[in-house]
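Here is the structure we will look at.
The values are calculated or read from the model by the stated rules, or taken from the named source; none is laboratory data. All values reported here derive from a predicted model rather than from experimental measurement. As a convention, Cβ positions derive from the backbone with ideal geometry for all residues, glycine included, and neighbour counts pool all protein chains shown.
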Amino acid sequence: MKSTLYTRTGDNGTTSLVDGERVKKNSVRIEAYGTIDELNSFIGLLIASNPLDDTDRQTLTAIQSTLFSVGAYLASADAEVAAKMLPYLDQPLADIEAEIDRIDALLPRHNKFILPQGTTASATAHVARTVARRAERRILDLADIAPIAPAVISYINRLSDYLFALARLCNTLNGNNEIFWEPAK
């Protein structure tokens, strides 16, 4: 009996979108939602690093759920199907902004660039942040050829800001000093 884990339909380098359309696996649309999937995986790794409190874990789990919906939205070229996949992002966006404000109030102030290091959790949050930035770029590439809800771009942009704040928090809570970037002289 053949496993349902493989279909063989992608062996020619194509995959199906949510609406059934087949596209090349390296299409702009696949790059966009594939990067969202990668981001979601790194957020899972961040949760697994477990230095966070319940609020942070709950926030990250809610973000993962929203990212699944964003990925499903991006995985449809049919505007009607895509619209059904997209959650109302105003509240998730407001939730992220509230978390950024909460975390920022706990952090020491500075106006320097920091090197992305410190605890494992902090470094993982930085990796997730950079993947969020890449996801944003891939979504903007897709927006050049297909309509994309502005709320999606705003959400991913704010998510990268949140991940930066969370990376700083992970270091601060663990007593790790941030290492500031010093330009070469």
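On the stretch given as segment 147-167, residues that are in contact with a Pro (Cβ under 8 Å, 6 or more places away or on another chain) and among the hydrophobic types (A, V, I, L, M, F, W, C) total 1.
Looking only at segment 60-101, filter to residues that are under 13 Å from the mean Cα position of the chain (by Cα) and of a type in the set (S, T, N, Q); which one of those is farthest from ARG29 (Cα to Cα)? Taking the candidates together, the pick is THR61. Scan segment 48-62 and tell me whether some residue there is touching a Pro at 6+ places or on another chain (Cβ under 8 Å), closer than 30 Å to GLN117 by Cβ and modelled with pLDDT of 80 or more. Yes, the conditions are met somewhere in segment 48-62.
For segment 60-78: of the residues being surrounded by fewer than 19 Cβ atoms within 10 Å (Cβ to Cβ) and among the hydroxyl-bearing types (Ser, Thr, Tyr), which is farthest from ASP95 (Cα to Cα)? The extreme case among them is SER69. In segment 30-56, the qualifying residues are those that are touching a helix residue (DSSP H, G or I) at 6+ places or on another chain (Cβ under 7 Å) and of a type in the set (S, T, N, Q), and the one that is nearest to THR66 (Cα to Cα) is ASN40. Checking each residue in segment 158-185 for being among the hydrophobic types (A, V, I, L, M, F, W, C), surrounded by fewer than 18 Cβ atoms within 10 Å (Cβ to Cβ) and in contact (Cβ under 8 Å) with a residue 12 or more places away in the chain picks out LEU173, ILE179, PHE180, TRP181.
For segment 64-108, filtering for residues that are under 21 Å from ASN171 (Cα atoms) and in a helix (DSSP H, G or I) leaves 11. Could you check how many residues of segment 84-103 are out of contact with any Leu (no Cβ under 9 Å at 6 or more places or on another chain), among the acidic types (Asp, Glu) and surrounded by 15 or more Cβ atoms within 10 Å (Cβ to Cβ)? The total comes to 1.
Which of the residues that make up segment 3-16 are surrounded by 13 or more Cβ atoms within 10 Å (Cβ to Cβ) and either out of contact with any helix residue (DSSP H, G or I) (no Cβ under 7 Å at 6 or more places or on another chain) or of a type in the set (Lys, Arg) (or both)? Selection gives THR14, SER16. Cβ-Cβ distances below 9 Å connect the following pairs, each with a first residue in segment 22-38 that is over 9 Å from ARG138 (Cα atoms), a second residue that is among the basic types (Lys, Arg) and buried (at least 19 other Cβ atoms within 10 Å of the Cβ), and a separation of six or more residues or different chains: VAL23/ARG29; GLY34/ARG138; ILE36/ARG138. Applying the criterion of being within 30 Å of THR14 (Cα to Cα) and over 13 Å from the mean Cα position of the chain (by Cα) to the residues of segment 28-59, the residue that is surrounded by the most Cβ atoms within 10 Å (Cβ to Cβ) is ARG29. Contact map, segment 131-155: residues that are free of Cβ contacts under 8 Å to residues at least 24 places away in the same chain paired with residues that are small (Gly, Ala, Ser), Cβ distance under 8 Å, separation 6+ or inter-chain. Pairs shown: ILE153/ALA143. Set side by side, the residues ARG129, ARG109 differ, and just one is basic (Lys, Arg) and either touching a helix residue (DSSP H, G or I) at 6+ places or on another chain (Cβ under 7 Å) or surrounded by 16 or more Cβ atoms within 10 Å (Cβ to Cβ) (or both), which is ARG129.
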